[in-house]
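The block underneath contains the structure these notes are about, expressed in structure tokens.
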Amino acid sequence: MRDHHAARTPAGRRRLRQVLVAVLVIVAGVQFAHPAAAAAALRPGDKYVALGSSFASGPMIPPVADASCLRSASNYPHLVAASLKLSLTDVSCGAATTDNILSAPQGVHPPQLTAVTPDTKLVTVTIGGNDVNYTVSNLACGSAGARGQSCVGPIVVPGQVDAALAALPAKMATTLQAIKHAAPHARVIVLPYLRVMPASASPCPPSVPIDAADLRFLVDFGQRLYTVIKQSAAAAKVDFVDSYAPKGHDACATPARRWVEGEVPASPAFMFHPDATGMKAQAKMIVKQLRSPS
């Protein structure tokens, strides 16, 4: 009752106003802490470091930026950097594994993480496929299928695939934490490997001349790899751009709709790898996510 009466007096109203203002400041701090963090939006000239394997580097997509790493100047990192006017350091490299990001050089190329510095504002990464021999399996099966032979069993061993996939989450966790530690103020975006094989697991020679049973194994393999990468991004609390989810852009799609080429590429790209259209699609997704509210 005393509080109710105090609110009717000038002094009481002033006191109540002070209390309300204090409460609103606290609430505002809670509500707007996240947008305040987003205030460090990317600006032209900000440092952007691109990490990853061939699905980031873009082998055989013209023009070539670095032949020793099978890196294209039209890969998604270059397209994103051009769109947002960022200062790009692209160290993505064909055949890279998580070890090549963390500690192992690739020939003359030092571990990719050395390019990531505290002033880095954006990092993108596509990695993990070579840790489980995903791309090698697609290539081996494409070659075997073109000869009318099976690949699963004699070349691609299911037990080895299972073991590699089981070990991948720990490798991804270590890699993503190392990136976050190296660039504590950067926005980190993980991309999966594009969908290579048709979800229907229906062969489409000459692009995908793989036996139906082998193809089903590869489709499941791709799905399992995607799931590990997506879950790893969520566990590390970094951004995930889901470039795998769209269907109808695999190696069996019409040439105009393909994001990935097959055994007989219809446009300049390495077999069972992204083409220029796939790189453009991923770049568009990344830019859209960067421009949307966090």
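Here are the numbers:
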quantity	calculated
Accessible area per residue, Å², the chain with all protein chains present, probe 1.4 Å	47 Å²
Under the Karplus curve 6.51 cos²θ - 1.76 cosθ + 1.60, θ = phi - 60°, whole-Hz ³J(HN,Hα) for region 230-243, x wherever Gly or Pro sits	4, 5, 5, 5, 5, 5, 7, 6, 10, 5, 9, 9, 7, 7
Nearby lysines by direct alpha-carbon distance to Lys171 (threshold 19 angstrom, same-chain neighbours under 8 apart not counted)	Lys180, Lys230, Lys237
Span from the region 57-99 Cα centroid across to the region 189-222 one, whole angstrom	24 Å
Heavy-atom accessible surface of the chain: percent carbon and sulfur, 1.4 Å	62 percent
Expected 222 nm ellipticity per residue - DSSP helices of 4 or more, -39500 (n - 2.57), all of the chain, to 500	-14000 deg cm²/dmol
Angle in degrees between helix 134-146 and the longest Cα principal axis of the chain, rounded to the nearest 10	30 degrees
Antiparallel %, DSSP beta bridges [both residues in the chain], to 5	25 percent
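The values are calculated or read from the model by the stated rules, or taken from the named source; none is laboratory data. Owing to the predicted nature of the structure, the values given are computational and were not obtained by experimental measurement. Note: areas computed on protein heavy atoms with side chains; ligands, DNA, RNA excluded. Shrake-Rupley method; radii C 1.70, N 1.55, O 1.52, S 1.80 Å.
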